[in-house]
Amino acid sequence: MKFFPGSLALRKLEDPSEMGPIAKRRRTLKKSTIFKLLLLLVMFEEKQKQEQEEWDRNYKLEREMFEKNHKRKIEIMMEYYNRMQEYYNQMDDMERCRLKRARFGVAALGAAVSTQQSVQRRLWVKNRSQAWWQQCNHPGFPDSEFHKSFRMSRATFDHICEELNSVVAKEDTMLRAAIPVSQRVAVCIWRLATGEPLRLVSKRFGLGISTCHKLVLEVCAAIRRVLLPKYIQWPSNDRMQGLMKEFERISGIPKVVGAMYTTHIPIIAPKANVAAYFNKRHTERNQRTSYSITLQGVVDSTGSFTDICIGLPGSMTDDLVLENSDLFKLGMNGFFNGGWVVGSSAYPLLDWLLVPYVQHNLTWTQHAFNEKISEIQKIAKDAFGRLKGRWRCLEKRTEVKLLDLPVVLGACCVLHNICEQHNEDFDPELAFELVDDEMCPESCVRSRSSMQERDKIAHNLLHHAHAGTSFL
């Protein structure tokens, strides 16, 4: 259709009243269109609000169900653990009563014999060769050979003996001379370093098998009582500031105060609560029934332990071990004050615990963040590798009782820190490859604020040239 401006102008002049309804319909149509758009926007917002409320309700229900099941699992596991403790306490009481009765019987028999026979008493002691230890203890013994045998220099060994002297030293008796402190400490360290059977340790040091076993436990208990509070402690505020700077230099991630890792120590099948210590993943990998206890540790930038948790059953996952540790209680009570402990994907994301992204189809930013997390995690893994490499008793099952194992493991961690702080060289031939499986927890994210903070850190890493590009 064609329009002619001239004729249209004439029509407007001729009949202006006909344009009134047209303009009115246009205004009505315009208002109707705007009203429909507003109505659609209101309906869309209402639908979004309903969907958000539905999501919140489902999330709350799932959260409550998870917490309920999780709490039940912890209660069952701790009940197993308490029963085991009670059982072994009863066994120890029975053993002490048996030994007490045996000593009384021997004393009574000796008294009877002494009254019947007026024979002079003699103490019979088996002669054993101590040539090997005397050679090692000689001042002229090469320090390199001493380091190879005891995983430390003679100076560090003498320092440990001096620290333990007041607790370990014994007095001579009328029947025999006391074993020197240096030999007592050497028996313990050699046993921990090599994992040799007690019968071989006995031949090497010229002592009885039971004596060697007793010395190992006594020295380990002394190390844990005297040296553990001194060498394994959370850093002071000044030291923590230095750790933050060092970790940030390594990875670019700010406010990191430690790296955490959990490993398993193989044990012989316990007499009680076997299922609690059954390690399913190690059993499947080794094709042999395996039992273990856990060792959780936090290390600083040098690989020295600042916190340890020892002795929980091996069937527990890493996140359950964490939740039953004192470290978890400190973290949830705000002990770290904005600082981060870095863990692997086996732990949940918390307000104080920083872990990598675990979902599929990661972005470049998330990939770069995971790479930096792995650099910090490598410090913890290397520290645990040196721990098991130096102290070979941790690599295989030992005849030490289950209740005594935490004492032995604590002593190994203390000796590890002493070696690290005294800059003792680690022999590459002793390197140990960790094979602990990392299983993602049921709830990977337990704090929305920490999730936002992690995203912020990942963004800053990528856009401030801290992140690598090896994933490209």
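The values are calculated or read from the model by the stated rules, or taken from the named source; none is laboratory data. Because the structure is a prediction, the values reported are computed rather than measured. Every residue, glycine among them, receives a Cβ derived from its backbone with ideal geometry; neighbour counts consider all protein chains shown. Just so you know, the surface numbers come from the protein's heavy atoms only, side chains and all, with ligands and any DNA or RNA stripped out. Shrake-Rupley method; radii C 1.70, N 1.55, O 1.52, S 1.80 Å.
The figures follow:
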{"read-out": "Residues being open to solvent by 20 Å² or more (accessible area, probe 1.4 Å), closer than 13 Å to Arg151 by Cβ and either part of a loop (DSSP other than H, G, I, E, B) or touching a Gly at 6+ places or on another chain (Cβ under 8 Å) (or both) - total across region 179-203", "value": "0"}
{"read-out": "Tally, over region 245-278, of residues that are in a loop (DSSP other than H, G, I, E, B) and in contact with a Lys or Arg (Cβ under 8 Å, 6 or more places away or on another chain)", "value": "5"}
{"read-out": "Hits in region 331-383 - residues which are open to solvent by less than 10 Å² (accessible area, probe 1.4 Å) and assigned to a strand (DSSP E or B)", "value": "Val341, Val342, Leu349, Leu353, Leu354"}
{"read-out": "Among the candidates Arg390, Arg386, residue that is open to solvent by less than 10 Å² (accessible area, probe 1.4 Å) and either free of Cβ contacts under 8 Å to residues at least 40 places away in the same chain or of a type in the set (Lys, Arg) (or both)", "value": "Arg390"}
{"read-out": "Qualifying residue in region 389-400 (condition: out of contact with any Phe, Trp or Tyr (no Cβ under 8 Å at 6 or more places or on another chain) and of a type in the set (Asp, Glu))", "value": "yes"}
{"read-out": "Set Ala259, Ala222: member being within 17 Å of the chain's Cα centre (by Cα), modelled with pLDDT of 95 or more, surrounded by 15 or more Cβ atoms within 10 Å (Cβ to Cβ) and not basic (Lys, Arg)", "value": "Ala259"}
{"read-out": "Scan of region 227-249 for residues that are surrounded by 17 or more Cβ atoms within 10 Å (Cβ to Cβ) and among the hydrophobic types (A, V, I, L, M, F, W, C), ordered by number", "value": "Leu227, Leu228, Ile232, Met240, Leu243, Met244, Phe247"}
{"read-out": "Number of the condition not met by Asn165 [criteria: (1) surrounded by fewer than 17 Cβ atoms within 10 Å (Cβ to Cβ); (2) within 28 Å of the chain's Cα centre (by Cα)]", "value": "(2)"}
{"read-out": "Selected residue (criterion: nearest to Cys393 (Cα to Cα)) from residues of region 417-445 that are modelled with pLDDT under 75 and open to solvent by 50 Å² or more (accessible area, probe 1.4 Å)", "value": "Asp437"}
{"read-out": "Residue selected from region 262-281 under the condition within 30 Å of Ile373 (Cα to Cα) and free of Cβ contacts under 8 Å to residues at least 60 places away in the same chain, by the criterion least open to solvent (accessible area, probe 1.4 Å)", "value": "Asn279"}
{"read-out": "Filtered residues of region 393-411 (kept if open to solvent by less than 20 Å² (accessible area, probe 1.4 Å) and closer than 24 Å to Ala276 by Cα)", "value": "Leu394, Leu405, Val408, Leu409, Gly410"}
{"read-out": "Single condition Arg176 does not satisfy, out of (1) over 14 Å from Leu415 (Cα atoms); (2) in a helix (DSSP H, G or I)", "value": "(2)"}
{"read-out": "Residue tally, condition small (Gly, Ala, Ser) and out of contact with any helix residue (DSSP H, G or I) (no Cβ under 9 Å at 6 or more places or on another chain), over region 139-155", "value": "2"}
{"read-out": "Any chance Tyr81 is touching a Pro at 6+ places or on another chain (Cβ under 7 Å), closer than 30 Å to Val400 by Cβ and either part of a helix (DSSP H, G or I) or modelled with pLDDT under 80 (or both)", "value": "yes"}
